[in-house]
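Peer 1: I'd like to ask some things about the structure below.
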Amino acid sequence: MTEILPFLKDLISAPGLSGYEDPAANIIADKWRPLVHEISRGTLGSLQGLRRGTGKEPRPSVMIATHMDAIGLMVTGITDGFLRITRVGGVDVRVLPGTPVNVFATGAGASGTGATGAVTSAGEANVRPPLPGVVAQPSAQLLPDEARDGPVALEHLFIDTGLLPQKVSELVRVGDLVSFAQPPAELSGETLTGHSLDNRASVAALTVCLEELQTRPHVWDVWAVATSQEEVGAIGAAGSAYKLRPTIAIVVDVTFAKGPGASDWSTSPLGKGPTIVIGPNIHPALHKSMKELADKLEIPYTLEYTPSHSGTDGWATQVAAEGIPTLVIGLPLRYMHTAVELVALKDIQRTGRLLAEFIARLGPDYMDKIVWDK
Amino acid sequence: MKQLIQKLTETFSPSGFESAIREVIKQEVQPLADEVRVDALGNLIVRKGAKAKNGKRIMLAAHMDEIGLMVSHIDENGFIRFSNIGGIRTGGLLSGRVQFTNGTQGLIGVERDLFAAKSPTFSQYYIDVGATSAKNCPVKIGDVAAFKRPFLELGQRLVAKSMDDRIGCAVLIEALRALKTSPHELYFVFTTQEEVGPRGAATSAFGIDPEIGLAVDVTLTGDTPKSKYMAISLGKGPAVKVKDTGMLSDQHIVEWMCSTAEKKRIPYQREVLDGGSTDAMAIQMTRSGVLAGCLSVPCRYVHTPSEMVDYEDVQNSVKLLVALISAPLNL
């Protein structure tokens, strides 16, 4: 049940922020290489694995998209040796203070390669140890009156690396990346907590699917895509969908799990299987097929409603090129966009298995059978 | 170059109504270009050179539209109510002067509760063009206007309306003039409708299908009294965008720009902008994705009738752009 766990823990321990996904992409590529026939990177960094189907050419193809980029922070400037920061993606600022972080410093003093500081990506910078730091907020007495109560706005938060101001100025440049450094932790009940489970838990589910497909023949080609830059606007998915032109696209992304304070109608239970999403972002026939399959196989799932933007790569894949029939599968997760996101391992396994079963059943005439209205 | 900047900034062309500025720029670029065309959205597309063996197809984009106002209603006494085209800030409106594309001029007034605790909203402002009735009002619903404010030189600093982004247009024109040789197939694109979402850049990029896209646009600064924090100042060189609200520049493009500036000893600043985006955002998302970045000219008071840039920054922007597009590159 938990054999995917070591891979997932490795994966969420890597930085790979939006636009700088190399460290995550490398780990995923190593894992996928034996599971696919071809592997490539998209123009904007998405990792694209192809498993060829058994059907005769030209074969239809299904793209399974799971984004691999992580949210994080970026240095906007330095004041008295403390780093000022902005968000990369929708970091939940309310719980940011106290979070341990890694600063991928690229200044001349950091690389030792002279004034050019030729290293810019977290991927390459990862070769050198990042600077450990912590997100700090000033004492309430030091904040302006309006900022003393409640969560503190990002403009008042800093990163303290412990170094003296001159050293910080030598090492750190505007635009340097900051990732969460919170280590993953297994909790009871086969759950895992850590940062970047959004959406690397879904990458793990897609990996489970690829493993299942090793022993399951499938007619269609399968594009397993770990997309880039989802957290800043589904940019990698848009490019990959345009380039690969899959016949259909299935996007797997995390969704809000039930937890403290969560409403009944906008959240899904944790540990009760994936969600199968319905809404304008979804092709109704794909939704119906997936739901009927889950019922038949007795794989638990819940239905999720998204009345407009699904908040996933699906929004971009649906309107890529001439349009691509899209389905979104949700993986329930608590405390989204914090360093302590939480998922149930069982949900990952079930999602992977459901995907593999769906793919294995895609016949050569599947597209002729699906219609909008019935 | 100052004369060119004056000519560009004193032309009135809000988003969607770029005819006047397109004509002005066309006159400048025609003798310098290998091919000039206008696409369906009105983008002025200027090609220079062909792709050599080690060359790339590169799109440079500066938007030629500006923020403006559109007539929404004319009352019986000839007062005009208006809507915004792009991100107009209400703070700078009162008693400002505007000019319509048909040449009509007017001033902006506001309803009387000016002294209320809250600052007035858009709908409380009106334009007075000297008309006394709806009948003799020289403009009609749907007509557009832009701020009227003469170009001004303040020592090293230049001030004008629509520096955003006519200064980018000026940088592109001067770079085209200064360019000697290039291994690249270069497209200098003067885009439309950036201020209403980067729309002209989206279609021109689709048409050109570039391998690399670079916008030239203004960015904000953090160097005025009690301004929002930002590590960008006037006079410290052009800015290399790492991130803004709409996009992350491609990391290889950022490195290419920074290392070129260092090699040529051109001062530059690394930019992380909270608030706004550029044509580069649309170019990046074109087709299967384009490696994109942005060369920014630091500018104070953006989206007011008096936008200020530093002349040395502008000249250094031209130098940096020429250096970038003259040499072969491997990304």
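Derivation of every value follows stated rules applied to the coordinates shown; laboratory data play no part. Source: prediction; values computed, not measured. Cβ coordinates were reconstructed from backbone atoms using ideal geometry, including for glycine residues, and neighbour counts include every protein chain displayed.
Peer 1: Could I have the simple spin-label model distance between B:T132 and B:R37, label points 7 Å from Cα toward Cβ, reported in nm to one decimal?
Peer 2: My value for the distance between the label points is 5.4 nm.
Peer 1: Among A:L345, B:L331, A:G236, whose Cα lies farthest out toward the positive end of the dipole of the protein assembly as shown, if unit charges sit on the beta carbon of Lys, Arg (+1) and Asp, Glu (-1)?
Peer 2: With unit charges placed on the Cβ atoms, the residue in question is B:L331.
Peer 1: Quick one: the Cα spread of segment B:229-292 along its three principal axes, in angstroms, biggest first?
Peer 2: 35, 28, 14
Peer 1: Here's another thing I want to ask about it. Just the Cα atoms of segment B:58-118: what Rg and Dmax do they give in Å?
Peer 2: When restricted to Cα atoms, segment B:58-118 yields Rg and Dmax of 15.0, 53 Å.
Peer 1: Find me the longest stretch of chain B that has none of the exposed trypsin sites (Lys or Arg not before Pro), where exposed means in a DSSP loop (not H, G, I, E or B) with at most 16 other Cβ atoms within 10 Å.
Peer 2: The longest such stretch corresponds to B:1-50.
Peer 1: So for B:V159, A:V135, B:V38, fewest C-beta neighbours within 10 Å to most, what's the order? Don't jump to the answer; show the numbers that get you there.
Peer 2: Details: B:V159 19, A:V135 24, B:V38 14.
Listed from fewest to most nearby Cβ atoms, that is B:V38, B:V159, A:V135.
Peer 1: Over the Cα atoms of segment B:38-91, each weighted equally, I'd like the Debye log10 I(q)/I(0) at q = 0.23, 0.27, 0.29 Å⁻¹, rounded to two decimals.
Peer 2: Taking Cα atoms of segment B:38-91 as identical point scatterers yields -0.99, -1.10, -1.15.
Peer 1: Now for a different question. Consider just the alpha-carbon atoms of chain A and return their Rg together with their Dmax, both in angstrom.
Peer 2: 21.4, 71
Peer 1: If N is the number of residues in the protein assembly as shown, what value comes out of its Cα radius of gyration divided by 2.2 N^0.38 Å?
Peer 2: 1.01
Peer 1: Kirkwood-based Rg over Rh for chain B (C-alpha set), two decimals?
Peer 2: Rounded to two decimals, Rg over Rh is 0.99.
Peer 1: Across chain B, where is the longest run that never hits GluC sites (Glu not before Pro) in a DSSP loop with at most 12 other C-beta atoms within 10 Å?
Peer 2: After excluding every exposed loop site, the longest remaining stretch is B:112-331.
Peer 1: Hey, fewest Cβ within 10 Å first, where do A:T267, A:T275, B:T245 land in order?
Peer 2: Ranking A:T267, A:T275, B:T245 by Cβ neighbours within 10 Å, fewest first, gives B:T245, A:T267, A:T275.
Peer 1: Determine ³J(HN,Hα), in whole Hz, for all residues of segment B:227-232 in sequence, where each value follows from phi through the Karplus function 6.51 cos²θ - 1.76 cosθ + 1.60 and θ = phi - 60°; x replaces Gly and Pro.
Peer 2: Karplus values, whole Hz, x for Gly and Pro: 6, 4, 4, 7, 7, 10.
Peer 1: Translational diffusion coefficient, Stokes-Einstein: compute it for segment B:25-133 using the Kirkwood radius over C-alpha pairs as Rh, at 4 °C and 1.567 mPa s, and state it as an integer in µm² s⁻¹.
Peer 2: The calculation lands on 74 µm²/s.
Peer 1: Long-range amide H contacts for A:L17: which residues qualify at under 5 Å (H placed 1.01 Å from N, peptide plane, sequence gap of 5 or more or a different chain)?
Peer 2: Result for A:L17 returns A:A70.
Peer 1: By counting other Cβ atoms within 10 Å of each Cβ, how are A:D198, A:D264 ranked from fewest to most?
Peer 2: A:D264, A:D198
Peer 1: Relative contact order of chain B, please, whole-number percent, based on alpha carbon pairs below 8 angstrom and at least 6 residues apart.
Peer 2: 23
Peer 1: Would you kindly state how much longer the chain becomes between B:K51 and B:L154 on full extension, computed as 0.36 nm times their sequence separation minus their alpha carbon distance, in nm to one decimal?
Peer 2: 32.9 nm is the gain from fully extending B:K51 to B:L154.
Peer 1: When only DSSP loop residues count, what trypsin sites (Lys or Arg not before Pro) in segment A:1-83 have their Cβ near at most 13 other Cβ atoms within 10 Å?
Peer 2: Working: sites: A:K9, A:K31, A:R41, A:R51, A:R52, A:K56; in loops: A:R52, A:K56.
Those satisfying the criteria are A:K56.
Peer 1: Using bins 10 angstrom wide from zero, how does P(r) for segment A:241-325 break down, in % of all Cα pairs?
Peer 2: Bins of 10 Å from zero give 16, 45, 30, 8, 0 percent of pairs.
Peer 1: Moving to a separate point now. Enter the Cα centre distance for the pair segment A:57-85 and segment A:130-209, rounded to the nearest angstrom.
Peer 2: Answer, in whole Å: 14.
Peer 1: Next question, about the same structure. Starting from segment A:231-266, pick out the chymotrypsin sites (Phe, Trp or Tyr not before Pro) whose DSSP state is loop and whose Cβ has at most 11 other Cβ atoms within 10 Å.
Peer 2: Loop-located and lightly packed - A:W265.
Peer 1: Amide H of A:S310 versus every other amide H placed in the peptide plane: which residues, excluding those fewer than 5 positions away on the same chain, fall under 5 Å?
Peer 2: Residues meeting the criterion, in which the H sits 1.01 Å from N, are A:W315.
Peer 1: Could you state the per residue volume, in Å³, of the convex hull enclosing the Cα atoms of segment B:242-331?
Peer 2: Output value, Cα hull per residue: 107 Å³.
Peer 1: Check the straight Cα-Cα distances from A:K288 and name the lysines below 29 Å, setting aside those fewer than 8 residues away within the same chain.
Peer 2: A:K56, A:K243, A:K258, A:K272, A:K296, A:K346, A:K369, A:K374
Peer 1: In chain A, which longest range has no GluC sites (Glu not before Pro) that are both DSSP loop (not H, G, I, E or B) and surrounded by at most 14 other Cβ atoms within 10 Å?
Peer 2: On the way: sites that count: A:E3, A:E298, A:E322.
The answer is A:4-297.
Peer 1: Roughly how many Å is it from the Cα centre of segment B:129-190 to that of segment B:4-68, as a whole number?
Peer 2: 12
Peer 1: Here is a further query. Please compute the modelled spin-label separation between A:R216 and A:S308, points set 7 Å along Cα→Cβ, answer in nm with one decimal.
Peer 2: Distance between the two pseudo-spin positions: 3.6 nm.
Peer 1: Using the Kirkwood radius over Cα pairs, work out the Stokes-Einstein diffusion coefficient for segment A:149-189 at 20 °C and 1.002 mPa s, in µm²/s as a whole number.
Peer 2: 155
Peer 1: Continuing with the same structure: Work out how much length B:L331 to B:T181 would gain on full extension: take 0.36 nm times their residue separation and subtract the Cα-Cα distance, in nm to one decimal.
Peer 2: 52.0 nm is the gain from fully extending B:L331 to B:T181.
Peer 1: Between B:D209 and A:T79, what is the spin-label point distance in nm, taking each point 7 Å from the Cα along the Cα→C-beta axis?
Peer 2: Modelled inter-label distance: 4.9 nm.
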